[in-house]
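Here is the structure we will look at.
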Amino acid sequence: MMATAANIRAQGEIRHDESMSRHTSWRTGGTAETLFIPASIDDLSEFLEELDADTPIFWHGVGSNLLVRDGGLPGVVISATKILRHLEQIDRYTVRAGAGLPCTQLAKQCIRWKLGPSEFFAGIPGSVGGALAMNAGAHGGETWERVESVRTIDRAGEIHERSPAEYSVAYRSVTGPPNEWFIEGTFRFEPDVVPSMDAMKTMLERRKATQPLGLPSCGSVFRNPPGDHAARLIEAAGLKGYRVGGAEVSTKHANFIINRDDATATDIEELIEHVRQTVLDVHGIELQHEVRIVGEVPA
């Protein structure tokens, strides 16, 4: 018999009415009806197996590319990053990484193992699972260019091994089997590419110099349109420094929206829409946001 999250006994931590502002890089957003932090893969599988099939599930990574509306998230938010941080070298050019591993750690260790091209992972401000879910990229590299296989878990708690052929992958977009979430990725690198720790450090220094990293944001808000850059279009539309409530278009990098002064998720979403509409009016180009916006609109 299926159970609600409130009735399931688990080894991990179950919290109710948990503010998602604690779990997103924007430091704002509504509450999760239930937050589950599993203690192990078996704990996660058993929880999913017992959970009522009608209960909504949201899979949460590190929250670096996420806006949770002020009305919050119904059902269960699963945060499994604590148990999915493994990284191992399978053979000379192949590694296996857990979905909770920060991409910067993947980059640093692959460089130590002399596996390339891997430096670009350091430019992705999130976890391996998030990078797999959206084909994240940086500095000319994209996640799925390196994927050999993935492991997923479905809402019945069963684990699957999947090949790239089972997914439709595009720029910042990945579509695959429904109701499955990434728990691991296997990545293959090139025998004739020697990575550079200095190159990675240069990338990180350039990122630090050009992006407002000390302030709450989600990273880049909009995808770059073909042949152009969202930041250039936003800046050319005169939007740097534009504010809605506590949310502000960064004066350092126009494709960043920062939580300047206790912004609500509504402030941020309204600013995203204002930027999109203004760029459309000024340039005739409709920007697509890459940030994931989820949850209920407040009553």
(message) Residues to consider are ILE14, ILE57; find the one that is of a type in the set (A, V, I, L, M) and free of Cβ contacts under 8 Å to residues at least 24 places away in the same chain.
(response) ILE14
(request) Keeping to the stretch 228-277, report how many residues are among the charged types (D, E, K, R) and buried (at least 20 other Cβ atoms within 10 Å of the Cβ). (result) 3
(message) Checking the structure you have, find out if any residue of the stretch 100-113 is under 22 Å from PHE222 (Cβ atoms) and buried (at least 21 other Cβ atoms within 10 Å of the Cβ).
(response) yes
(message) On the basis of being crowded, with 17+ Cβ neighbours inside 10 Å and not acidic (Asp, Glu), does ILE90 make the cut?
(response) no
(message) List pairs: first residue in the stretch 32-46 and over 15 Å from ARG15 (Cβ atoms), second residue of a type in the set (Ser, Thr, Tyr) anywhere in the structure, Cβ distance under 7 angstrom, at least six positions apart or on different chains.
(response) none
(request) Could you tell me which residue of the stretch 3-35 is modelled with the lowest pLDDT, considering only residues that are touching a helix residue (DSSP H, G or I) at 6+ places or on another chain (Cβ under 6 Å) and assigned to a strand (DSSP E or B)? (result) ALA3
(message) Suppose we filter LYS252, LYS240, LYS208 for residues that are basic (Lys, Arg), free of Cβ contacts under 8 Å to residues at least 24 places away in the same chain and under 19 Å from ALA138 (Cα atoms); which single one remains?
(response) LYS208
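The values are calculated or read from the model by the stated rules, or taken from the named source; none is laboratory data. In this text the structure is predicted, and so the values were computed from the model without any measurement. Using ideal geometry, Cβ is built from the backbone for each residue, glycine included, and neighbour counts are taken over all protein chains shown.
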